[in-house]
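For reference, the structure is listed below as structure tokens.
The values are calculated or read from the model by the stated rules, or taken from the named source; none is laboratory data. Bear in mind the structure is a predicted one, so any value in this text is a computation, not a measurement. As a convention, Cβ positions derive from the backbone with ideal geometry for all residues, glycine included, and neighbour counts pool all protein chains shown. Just the protein is used for accessible areas: all its heavy atoms, side chains included, with ligands, DNA and RNA removed. Shrake-Rupley method; radii C 1.70, N 1.55, O 1.52, S 1.80 Å.
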Amino acid sequence: MGGINWVHLWGLTCLGMLVMSLCQENAAVYIVTMKKAPVSHYNGQFQKLCSSALSSGASGEFNTFNKPRKSCGTDKSYSSHLIRLQDSLLRKALKGQNYLKLYSYHYLINGFAVLITPTQADKLARRKEVSNVILDFSVRTDTTHTPEFLGLPNGAWVKEGGPEVAGEGVVIGFIDTGIDPTHPSFSDDLSLNQYPIPAHYSGVCEVTQDFPSGSCNRKLVGARHFAASAITRGIFNNSQDHASPFDGDGHGTHTASIAAGNHGIPVVVSNHQFGNASGMAPRAHIAVYKALYKSFGGFAADVVAAIDQAAEDGVDIISLSITPNRRPSGLATFFNPIDMSLLSAIKAGIFVVQAAGNTGPAPKSMSSFSPWIFSVGAATHDRIYNNYIVLGDNLTISGTGLASGTDGDSMYTLVSAMHALKNDSTDANGMYLGECQDPSYLNQDLVKGNILVCSYSIRFVLGLSSISQAIETATNVSAAGIIFYMDPFVLGFQINPTPMSIPGLIIPSPDDSKVFLQYYNNTLVRDNTTKSIIKFGGLAKILGGLTANYSNLAPKVMYYSARGPDPEDNSLTDADIMKPNVIAPGNLIWGAWSSEGADSAEFQGEKFAMISGTSMAAPHVAGLAALIKQKFPTFSPSAIASALSTTATLYDKLGGPIMAQRSYSNPDSTQSPATPFDMGSGFVNATAALDPGLIFDTGYDDFFSFLCGINGSSRVVLNYTSNNCGNTTMNGVNLNLPSITVALLNQSRTIVRTVTNIGSNETYSVSWSAPYGVALSVIPTKFSIFIGQKQNLTFILNATMNSSAASFGRIGLYGNQGHVAMIPLSVITKVIYNGTIS
């Protein structure tokens, strides 16, 4: 019996009985915050002040137990004090009752997650020590060549010493689905140069059977998992979800490699070579805080625990490719446990980047709300993989598929799976049979040496059928290739290029699929009497799609990328905040893939995958932020955000305006020039962001005042921050952000921004284009500014018409040393007198 821990088993049994008892009483997970300040707010001082004596680097063998920590002894005592108060509260308030405490939060917020009944939640809410009691809610993920497209190899990397040092010393914390530590993108033995673990990082590497000792190294410096909320709900599947930092999904491995994967890792998929991959900051360090899972997504209680731990461990950047499943309820979207814990992360000096969400293209579809969070939308880049079929009548149809073409110029006979069924096969499941999922139904004599034609239905979208299984079918019946046509009911679903081990493609357009089927059906020769097929007359050849083409017009805002204006509350009141902040590459992105990754079935078992979403865009910006943090280690989170924003480009690669897709179906046919509510400040410019010239800085106190400025918010702000608003309030328009958004311009408004020069002594000229229906003046129109000096800019806006239609302008600050800072200006409702707005 030596391998069994009977005490552990007894504990699990008791835990299971307790959870069962609570569930019978309609228990749920609640997030409880308390009024005492958390560690990061303690005495108003951030913890790095007490670790300044630590050296700037560590060397020698990696050891999770003896790395230098940045925490002060008094902070550890205060943390213990908070936990004791939490436990005491539960004992007193719920004396003699069942409850299960899941997490203690103490670093960014002071509180805990607990499994209790609604009656018990009411008891806690009435306690004077308690600020908030909130029901836990669910979250979801928002599912290369991009370093070249962003200009890194000949720009930012070269300026800072090349990919061998890009991002070194900066730790990026990923709140995601975990990581596959065996992937070469996360190895630390690819360079002979010293690669010390940053001394300010104090995280640990969790050790489990599927995440063994040695999984962490100087690259992957920390890894933990958080699943208590999910486990109490009985939905955690240990075989699929992995009770460890290991990634059973693929999403987390992918995002980590985009931001900080090693440089020059060969991308080999289905035995085809697709170049080399690199993260944006290939020498940055990775810390993983797994709080999302393949089978169910995740829950706020687990995510907040992950964020709290990441901040305490000392990460420099937090990357979240996750968003809530629903808009937060309550007074304002900003008041929710995730965003408020991230506000404390800003106070702790941590830059926070989040996916904008895949809920576009409708207005107000943003899933990332708060002004202290840097929200990133998804754009195309210029690489595409062209794949075509040429029909017997010389008509060419485009498709998608990472596959070789058929041999030479030979034409091959087209045979539909539905017309190649064995005599005893029934079409009761006709849709299934047409999807080529089972070779036993097909007559090999009819298919052998020909191109097998299969349908792509909603079953593929739902994961009930797969491309890989269809390819296996085609291989088993000796087909020369495979073509998928799109079922007309599959609308608004993007088909990513899919690896195929035989010649093949998917026709993603329903219209092109109709043309293809019309040709196929018209070339069938049937018996006049029986109408049975006596000859397959359709011919085609597949040209193949293994070679990348870099002619794609880019960047372009993808139809699924969430849009502004930023909704302030559930009634969709417009906030005076521009969202998204920027756009970055998010469509068809190569990234590392977990060996057990199941998020994209077509890449299962591969080392790399090509997927799309704002989930892919956010880590691009996290990596670029690491480069800025490396060059400017004292930059505040807002300064990093400013550098990324004011230097973003407004134009595509041909010099035209960036376009935005406006619909799910045929998105390119509905595109129009992007506005700040589509692309924020524009498309990130990595090289320019490292030399912004001017920055707009904003601190925690400003965000606190902004929250206090929301009507009726005083009690909520006190509950979340343990601080009284007093007379300190600020409207969102007056936050010192590198953008101006006015939800309601009632006749006239004066707005002030302050810039700080971090470049060179320089003279700036100011020019602008005013939004339609708005007269704009700027003071001053020219100014000289020394390094380190600040300059106030005053903008006076006057409405010239009544309108509720948003209009947009832009303000440019042009320095005589070459620096340029652009400020997007958005005005939604304009009123020149009291009356009806048209």
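So which strands (runs of 3 or more DSSP E) are wholly in region 100-141 and hold at least 3 residues that are over 23 Å from Glu312 (Cβ atoms)?
In region 100-141, the matching strands (runs of 3 or more DSSP E) lie at 138-141.
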Task: Filter result (closer than 22 Å to Phe274 by Cα and either touching a Leu at 6+ places or on another chain (Cβ under 7 Å) or outside any helix (DSSP H, G or I) (or both)) within region 605-636 - done: Gly605, Glu606, Lys607, Phe608, Ala609, Met610, Ile611, Ser612, Gly613
Task: Residue satisfying all of: in region 483-526; aromatic (Phe, Trp, Tyr) and out of contact with any strand residue (DSSP E or B) (no Cβ under 8 Å at 6 or more places or on another chain); least open to solvent (accessible area, probe 1.4 Å) among these - done: Phe493
Task: Flag for Ile533 being open to solvent by 10 Å² or more (accessible area, probe 1.4 Å), more than 18 Å from the chain's Cα centre (by Cα) and among the β-branched types (Val, Ile, Thr) - done: yes
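Residue-wise test of (1) touching a Gly at 6+ places or on another chain (Cβ under 9 Å); (2) among the aliphatic types (A, V, I, L, M); (3) over 30 Å from Gly586 (Cα atoms).
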| site | (1), (2), (3) |
| --- | --- |
| Cys436 | no, no, yes |
| Gly449 | no, no, yes |
| Cys454 | yes, no, no |
| Ile458 | no, yes, no |
| Leu462 | no, yes, no |
| Pro508 | yes, no, no |
| Asp512 | yes, no, no |
| Val515 | no, yes, yes |
| Gln518 | no, no, yes |
- [ ] Taking the residues in region 267-305 that are at pLDDT below 90 and under 14 Å from Ile322 (Cα atoms) as candidates, determine which candidate is most open to solvent (accessible area, probe 1.4 Å).
- [x] Lys294
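Please enumerate the residues belonging to region 451-467 that are surrounded by 18 or more Cβ atoms within 10 Å (Cβ to Cβ) and out of contact with any strand residue (DSSP E or B) (no Cβ under 7 Å at 6 or more places or on another chain). Talk me through it step by step, then tell me what you get.
Residues of region 451-467 surrounded by 18 or more Cβ atoms within 10 Å (Cβ to Cβ): 451-457, 460, 465, 467.
Listed by number, the residues that qualify are Ser457, Phe460, Ser465, Ile467.
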TODO: Go through region 749-765 residue by residue and tally those that are open to solvent by 40 Å² or more (accessible area, probe 1.4 Å), among the hydroxyl-bearing types (Ser, Thr, Tyr) and under 13 Å from Gln817 (Cα atoms).
DONE: 1
Task: Residue identified as in a strand (DSSP E or B) and not hydrophobic (A, V, I, L, M, F, W, C) among Gly788, Gly818, Gly812 - done: Gly812
Task: Options Ser270, Ser295; residue that is among the polar types (S, T, N, Q) and within 15 Å of Arg140 (Cβ to Cβ) - done: Ser295
